[in-house]
Amino acid sequence: MNGRTCTFVEGIAMSASQRLTLQQLRRFSPIDFLSSHYLQQLVDSLQYIEHKAGSLILRRGEHALALYFLLEGEVWLGAENRNRHLQAGSPEACRALNENQPQDQDIGARSDVRLFAVERSLLERLLNWSEAASYEVGSLQVDEVAEASDDWLSKLLRSPLFGRLPPAHLHLLLGRFEFIEVAAGASVVRYGEPGEHFYVLKQGRAQVSLPGSDAQEPRQELHSGDFFGEEALVSGAVRGASVTMLTDGVLARLSRELFVELVRPTLIPQISARQLQQLSGHGKKNCLLLDVRLPMEYRLGHPPGSLNLPIGQLRQQAAGLAQDSLYAVLAEGGVRSELAVHLLNQLGFEAYLLSEPSGQPPIAA
């Protein structure tokens, strides 16, 4: 190792028989956040490495393009002659040895060790897609208070998704829907496929299914006026669920291009740092900064006072959020931040994407 930026540390490659299974890989964080579909993509890309006792694995100050996880053996951290060691299989060893960038300490092999490496950019991309796809089902919401006599269009227009559309956009949108007849048993969207359309069920009934779900578990059923598919169009992720027709029916659909042009801007309303400070400074609103990245990312740097609530937990913990507060979601989460804004607004909160830096320097936790 010479201190330059590198892709993988030097070492001895492991044999194919020693490769990790999906179940073994789930012991490591944040890899355990990945759905099975994306976990399989990751396991095929891993690099396996061995180091002899006494060798240096990572040098302080380096910028590594990969994250390194300890599989077997023991390493020292900070200095070889100090009493800080890390044993494979321990709780701390479930995280990467080099989460911080640049590397904040030397790490060496105290015994013969085995590691696996995963490219940071690949893991971040798969985490984004996995979390985005997990919300595909969340968009399939049934308006329980709608009366049976309401038609599909009136139900759709009362939804949070279309309630934000300007009248001009709304009229244009309704004129661009394409209507298609579908037969019972037809597969409308399939798990794992790219999203090409936004759908509204005009007539008939459909069923949502998740991969790996128990056949005995109740399935979510869709009725006239329910919509689905917008999350994949917002995020660029693949479909997170399958939707199959239970009866003959009619679907109204909108292409990805039209959806992005006419609907997407209203899904992700933005607020500037100046607007946020004005609202907060005059006491007009209780404004909170929300960071929806993983705790590992949050610890590496975040604005003071921001609340960390990973998007994977957002739906479950939304009940604990104050309804009268304004939530400014930090843009550092990329697609996850946009999805969080959309989800919060769907759940009845007032949420915006912070379009500019908050004016406060990030801090390391």
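Since every read-out is calculated from the coordinates, none of them should be taken as a lab result. Quantities reported herein were computed from a predicted structural model and do not represent experimental measurements. Note that each Cβ is placed from the backbone with ideal geometry, even for glycine, and that neighbours are counted across all protein chains shown.
Using the average count of surrounding beta-carbon atoms within 10 Å as a protection proxy, the listed peptides 269-275, 226-232 rank, highest first, as 226-232, 269-275.
Using all pairs of distinct alpha-carbon atoms, the Kirkwood hydrodynamic radius of the stretch 268-354 works out to 12.9 angstrom. Dividing the convex hull volume of the alpha carbon atoms of the stretch 12-129 by its residue count gives 95 Å³ per residue. D by Stokes-Einstein for the stretch 242-313, Kirkwood Rh over Cα pairs, 4 °C, 1.567 mPa s: 79 µm²/s. For the peptides 309-320, 246-257, residues were scored by their other Cβ atoms within 10 Å and the scores averaged per peptide; the highest-first order is 246-257, 309-320.
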